[in-house]
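Trainee: Take a look at the following structure, please.
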Amino acid sequence: MIDLTEKTLSIKRVFEGRALTIDVAEIELPNGRRSTREIVRHRGAAVILGERPDGKFVLIYQYRRAVEQTLLEMVAGCIDEGESAEACARREMEEESGYRVDSLQKFAEIVPCPGYSEERLHLFHARLAQEPSARRLDFDENLVTVVLTASEIEAAIDSGGMIDAKSIAAWLLWQRQGA
């Protein structure tokens, strides 16, 4: 394999927020040229394809300010400091949907935007209880839980009704594994 590693010369933190930070790195390319890289630092997240015993899947509708649109998505959430991806998946599914996770299987890990972000998404399939309990949304979450069949998810992807990349990637990777 060809070594394309870039050497870091310096890093300057230019933004630090609640969910992410942004660094500007001065780098040297393998050929000796110098450039900069803007890097979004994110602690990662769990994405959960929740399936009830009846074979239906639990997803959410959530308004996303960055794209100014309500999106159909799989349940997902940021990993808290010191928390495992699996613990995050269990917590987020129960908080956002109210469904208890009976079993959990990690089936993939993806990097959604490696051109500018270090974020890693841990993809899980969860076997859920048939009925939900009360949700425990974060103070700033506004979402609606929805239960869909596999064919309804496929139709949403095909029609453009689901455009969230993490959810599409998770669904397609899950299907490829012979789900």
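Here, each number is a calculation from the coordinates, and none is a lab measurement. Computed from a predicted structure; not experimentally measured. Here Cβ is always computed from backbone atoms with ideal geometry, including for glycine, and neighbour counts include all displayed protein chains.
Trainee: If I build a Gaussian network model for the chain, linking alpha-carbon pairs within less than 10 angstrom, which residue out of M93, M74, M162 has the largest mean-square fluctuation?
Mentor: M162
Trainee: Given R₀ = 25 Å, FRET efficiency for D140-E16 by Cβ-Cβ distance, to 0.05?
Mentor: 0.85
Trainee: State the answer as a single residue: which of I157, I27, L173 lies farthest towards the positive end of the charge dipole of the chain, with beta carbon charges of +1 for Lys and Arg and -1 for Asp and Glu, about the Cα centre.
Mentor: Ranked along the dipole, the leading option is I27.
Trainee: Here is a further query. Cut-off under 14 Å on the C-alpha distance; same-chain residues fewer than 8 positions from K7 excluded. Which aspartates and glutamates are left, in chain and number order?
Mentor: Straight-line reach from K7, under 14 Å: E26, E28.
Trainee: Further question on the same structure: Local charge sum around A170 (other residues, Cβ-Cβ under 14 Å, Lys/Arg +1, Asp/Glu -1)?
Mentor: Details: positive: K106, R120, K166, R176; negative: E51, E73, E92, E109, E154, D164.
Combined, the nearby Lys, Arg, Asp and Glu give -2.
Trainee: So what is the relative contact order of the chain, in percent, for Cα pairs below 8 Å that sit 6 or more residues apart?
Mentor: In percent, rounded to a whole number, it is 22.
Trainee: Right, here's the next one. Which of rounded, prolate or oblate describes the chain when judged by the alpha-carbon gyration tensor and an a/c cut-off of 1.5? Display every interim value, and only then the final one.
Mentor: Details: a/c = 2.16, a/b = 1.84, b/c = 1.17.
It comes out prolate by the Cα gyration axes.
Trainee: By a straight-distance test (C-alpha under 30 Å), which lysines pair with K106 as possible cross-link partners, with residues fewer than eight away in the same chain excluded?
Mentor: K56, K166
Trainee: Now for a different question. Build a GNM of the chain with springs between Cα atoms under 10 Å: which of E94, E28, E131 gets the top mean-square fluctuation?
Mentor: Judging by the Gaussian network model, the answer is E28.
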